[in-house]
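Here the structure is laid out as structure tokens; the discussion comes afterwards.
The values are calculated or read from the model by the stated rules, or taken from the named source; none is laboratory data. Everything quoted here is computed from the prediction, not taken from an experiment. Glycine also receives a Cβ, built like all others from the backbone with ideal geometry; neighbour counts cover every protein chain displayed.
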Amino acid sequence: MPVLKLLFSGIVGYLLGSVSSAVIISYAVNHTDIRNYGSGNAGATNMARFFGMGMGAATFLLDGAKTALSMTLGRLLGGHGGFLIAGFTCLLGHCFPLYFHFRGGKGISVGAAIGLMLDWRIFLLLLVVFFTTFALTRIVSVSSIMCALAITPLEALVGIRDVPSLALGVASCVTVLIMHRENIRRLVRGEEKKFKAMRRKK
């Protein structure tokens, strides 16, 4: 029975994570698919770059909300283990959404929300890491990668010691790094562009 509860927690997390806020908003507001623009990524940064900061912020908030809902339901179904598993499967659903041909985002919004659900102090510190790095580089991918690398050390910093929670931080970091592999290659070549918001031409 405990294994089934954990399994259901994971399924719930993945199905909710597969609800791609960026795709839904871009279709609803602009009658187009954000994945046809820029990086092809269904995430808050690509939305902000092509459809404005407001739509980027809305995407970030909705992706955070689905993560919070996933982890809350995971806790109800499977306790602390279900809470953690639902967080990770929500991240997988966000990156590889079942409903949108497995083409989703790169996990930053969901990763930030996982940090919030683990401990609100982690979320605040992740914001500090992100905006400090962005102020220095103006490159979103660098800021995102730094947040991914920071999440597990920040867990330890705020006093989280249980191995499953730390493992979630590590798994989230690895997933985000994999999703940013092309950005990392461009960074190594010195070709990664700085962030500049623009409006899609009519």
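Please pick out the residue among Phe60, Phe50 that is within 16 Å of the chain's Cα centre (by Cα) and among the aromatic types (Phe, Trp, Tyr).
Numbers: Phe50 fails: within 16 Å of the chain's Cα centre (by Cα).
Going through Phe60, Phe50 in turn, just one is within 16 Å of the chain's Cα centre (by Cα) and among the aromatic types (Phe, Trp, Tyr): Phe60.
Cβ-Cβ below 9 Å, separation at least six or inter-chain, first residue in the stretch 71-88 and within 18 Å of Ala112 (Cβ to Cβ), second in a helix (DSSP H, G or I) and of a type in the set (Phe, Trp, Tyr): which pairs?
Filtered contacts from the stretch 71-88: Met71/Phe83; Thr72/Phe83; Gly74/Phe8; Gly74/Phe83; Ala86/Tyr14.
Take the residues in the stretch 101-126 that are of a type in the set (Lys, Arg) and more than 8 Å from the chain's Cα centre (by Cα), then tell me which one is nearest to Val19 (Cα to Cα). Walk me through how you get there before you give the answer.
To start, the set of residues in the stretch 101-126 that are of a type in the set (Lys, Arg) comprises 103, 106, 121.
From the residues that got through so far, the ones that are more than 8 Å from the chain's Cα centre (by Cα) too are 103, 121.
Values: Arg103: 11, Arg121: 27 Å.
By that ranking, first place goes to Arg103.
Kindly establish whether Leu62 is in contact with a helix residue (DSSP H, G or I) (Cβ under 6 Å, 6 or more places away or on another chain), in a helix (DSSP H, G or I), more than 23 Å from Ser165 (Cα to Cα) and at pLDDT 95 or above.
Answer is yes for this residue.
Within the stretch 67-88, can one find any residue that is in contact with a helix residue (DSSP H, G or I) (Cβ under 8 Å, 6 or more places away or on another chain) and under 23 Å from Ile184 (Cα atoms)?
For the stretch 67-88, residues in contact with a helix residue (DSSP H, G or I) (Cβ under 8 Å, 6 or more places away or on another chain) and under 23 Å from Ile184 (Cα atoms): present.
Among the residues of the stretch 15-31, write down those that are assigned to a loop (DSSP other than H, G, I, E, B) and surrounded by fewer than 21 Cβ atoms within 10 Å (Cβ to Cβ).
His31
Can you name every residue in the stretch 165-202 that is modelled with pLDDT under 95, surrounded by fewer than 14 Cβ atoms within 10 Å (Cβ to Cβ) and not charged (D, E, K, R)?
Selection gives Val188, Gly190, Ala197, Met198.
Every residue in the stretch 84-120 that is under 20 Å from Ala150 (Cα atoms) and part of a loop (DSSP other than H, G, I, E, B), please.
Result: Gly105, Lys106, Gly107, Asp119.
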